[in-house]
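These notes concern the structure reproduced below.
Derivation of every value follows stated rules applied to the coordinates shown; laboratory data play no part. Owing to the predicted nature of the structure, the values given are computational and were not obtained by experimental measurement. Quick reminder, even Gly has a Cβ in these numbers, built from the backbone with ideal geometry, and neighbours come from all protein chains shown.
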Amino acid sequence: MARVLVVGAGLTGSSCAALLRGATRERVSVWDKARGAGGRMSTSRSARDAACTADLGAQYVSRSAGSRGSFYEELLSHGILKPLSARIEGLVEKEGSCDYVAPQGISSVVKYFLRQSGADVFYEHHVTHITLRDGKWEVSRKMGSPELFDVVILTIPVPQILQLQGDIVNIINERQKQQLESASYSSRYALGLFYEVGARIDVPWAAKYITDNPCIRFISIDNKKRNIDSPEIGPSVVVHTTVTFGREHLDSDPAEVQQLILSHLESLVPSLPKAASVKCQKWRYSQVTKAVPNCPGQMILHTQPLLICGGDGFTCSNFDGCIESAMSLAETVRSHL
Ligand SMILES: Cc1cc2nc3c(=O)[nH]c(=O)nc-3n(C[C@H](O)[C@H](O)[C@H](O)COP(=O)(O)OP(=O)(O)OC[C@H]3O[C@@H](n4cnc5c(N)ncnc54)[C@H](O)[C@@H]3O)c2cc1C
């Protein structure tokens with residue numbers, strides 16, 4: 001039985017794996033370097049209480065008139081998505097568009113697609129080299145033995161594709177390299193603040209866009225945003241920095257960055273109690289500011305055996321962009337098998 005490897009357990013990789021189910025008789029594996037599913041749709045747990053969670057990347061998904069409705073309907077019917085009912089100050093409402101949150105955390109969307117895929121999912125599998133070996137792809141990772149695959153699908157941010165070693169370096173031709181190199185991403189930090197049960201956060205909004213602070217762009221009372229207020233679970237707060245702050249502090253000491261963000265947060269929301277634990281996440285590749293040109297959804301790097309790459313870098317940084325890429329990847333893989 002042929003083996004297909006999807007690199008990346010984010011929204012693109014998981015939905016692509018789900019789309020491949022049933023379409024092929026091949027065995028699909030998903031590898032991700034992280035310790036869990038989600039990628040930039042990540043949900044973090046408090047170090048002190050696993051029930052207290054916060055979405056550190058994507059906050060909500062927006063369905064527009066042009067969206068592929070069936071994906072939203074499926075997620076809504078399984079309770080994975082629910083309409084956003086909380087108040088978000090500064091959210092620009094577009095006509096005909098609808099916003100959804102994931103009550104169990106945004107990573108539950110990715111986990112849902114991984115379950116649907118029936119794929120073998122492996123975490124802490126950091127791909128380093130991709131090399132041709134006897135008509136197959138030999139994929140090496142940081143720890144563990146290399147494995148052979150008939151098809152490899154890369155759904156990692158574009159700059160990370162360009163960091164891979166092995167034959168892939170020479171397989172990417174000069175034109176493709178230029179196209180891939182021209183993609184760009186913003187950078188941001190996210191802070192997750194986790195509180196003890198009973199902590200009170202008295203603000204009249206569930207989330208708020210900030211327009212006049214050099215450091216902070218967005219604050220969310222995450223449990224309120226997801227409409228899951230419970231007396232048994234401590235509240236959580238998420239802070240996203242501005243892109244300028246993210247860029248300027250990309251290589252700064254994380255502890256100093258965390259302190260800086262916390263001091264700006266205190267000036268913006270002085271009534272916030274002290275958090276029981278804090279997590280600082282650097283998003284070096286946060287959102288796509290310029291997608292790979294002339295490659296809608298994916299780029300074929302090698303045909304026989306197939307090596308293909310996709311992700312939001314080939315569309316745009318939202319739910320629809322990832323699904324569009326996943327559909328394009330799955331269609332190409334099917335036509336090659
Ligand atoms: C701060 C922030 C806020 C956002 N807000 C929103 C929002 O409100 N709404 C919205 O729709 N979108 C939002 N987005 C964008 C959205 O999160 C992304 O577009 C989407 O998650 C991208 O999914 P992906 O699967 O293409 O990539 P990723 O989620 O980046 O997945 C790629 C995966 O590949 C893994 N990986 C990378 N390199 C390797 C390797 N060498 N070996 C193995 N694994 C590897 C990574 O660990 C990761 O899990 C936001 C993003 C950020 C960062």
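Taking θ = phi - 60°, what integer Hz values does the Karplus form 6.51 cos²θ - 1.76 cosθ + 1.60 yield along segment 119-130, in sequence order, with x for Gly and Pro? My calculation for segment 119-130 gives 6, 7, 10, 10, 9, 6, 10, 8, 6, 10, 10, 10 Hz in order. Which one of S184, I161, P270 is farthest out on the positive end of the charge dipole of the chain, using unit charges on Cβ (Lys, Arg +1; Asp, Glu -1) and the Cα centre as origin? After comparing all options, I get I161.
Across every pair of non-identical alpha carbons in segment 77-201, the mean reciprocal distance, once inverted, gives a Kirkwood radius of 19.2 Å. I'm checking a number: the convex hull volume of the Cα atoms of segment 277-337, normalised per residue, in Å³. What is it? Hull volume normalised by residue count: 122 Å³. Value of Rg to Rh for segment 32-84, rounded to two decimals, is 1.04; Kirkwood radius and Rg both from alpha-carbon coordinates.
May I ask for the percentage of alpha-carbon pairs in segment 262-309 that lie more than 17 Å from each other? So the pairs more than 17 Å apart make up 66 percent of the total in segment 262-309. Whole-Hz Karplus values for segment 266-278 come out as 4, 6, 7, 10, x, 7, 5, x, 6, 6, 6, 8, 9 Hz, taken residue by residue from phi with 6.51 cos²θ - 1.76 cosθ + 1.60 and θ = phi - 60°; glycine and proline positions read x. P(r) tail, segment 36-143: Cα-Cα pairs separated by more than 21 Å, 52% of all pairs. Which value in Å does the Kirkwood hydrodynamic radius of segment 206-329 take, with 1/r averaged over all unlike C-alpha pairs and then inverted? 17.3 Å is the Kirkwood radius here. Here the sum of -39500 (n - 2.57) over DSSP H runs of 4 or more residues, divided by the residues of the chain, equals -7500 deg cm²/dmol at 222 nm, to the nearest 500. Here segment 124-190 was treated as a single set of alpha-carbon atoms; its pair distances binned every 10 Å from 0 give 18, 47, 27, 7, 0 percent.
What the Cα convex hull of segment 1-97 gives, in volume per residue, is 153 Å³. Derived from the Cα gyration tensor, the three semi-axes of the equivalent ellipsoid of segment 154-193 are 27, 13, 6 Å, largest first. Per the Debye formula on identical point scatterers at the alpha carbon atoms of segment 143-290, with no solvent, log10 I(q)/I(0) at q = 0.12, 0.13, 0.20 Å⁻¹ is -0.66, -0.73, -1.17. For K282, the lysines whose Cα falls under 29 Å of its own Cα, not counting residues fewer than eight places away in the same chain, are K33, K82, K111, K142, K177, K208, K224, K225, K274, K290. Here the 3J(HN,Hα) profile of segment 168-180, calculated from phi with Karplus coefficients 6.51, -1.76 and 1.60 at θ = phi - 60°, is 3, 4, 8, 6, 6, 6, 4, 5, 4, 4, 4, 4, 5 Hz, Gly and Pro shown as x.
Using square roots of five times the C-alpha gyration tensor eigenvalues, list the equivalent-ellipsoid semi-axes of the chain in whole Å, biggest first.
So the equivalent ellipsoid measures 35, 21, 19 Å along its semi-axes.
Sorting 192-198, 52-58, 244-250, 27-33 by their mean Cβ neighbour count within 10 Å, with the most densely packed peptide first, gives 52-58, 27-33, 192-198, 244-250.
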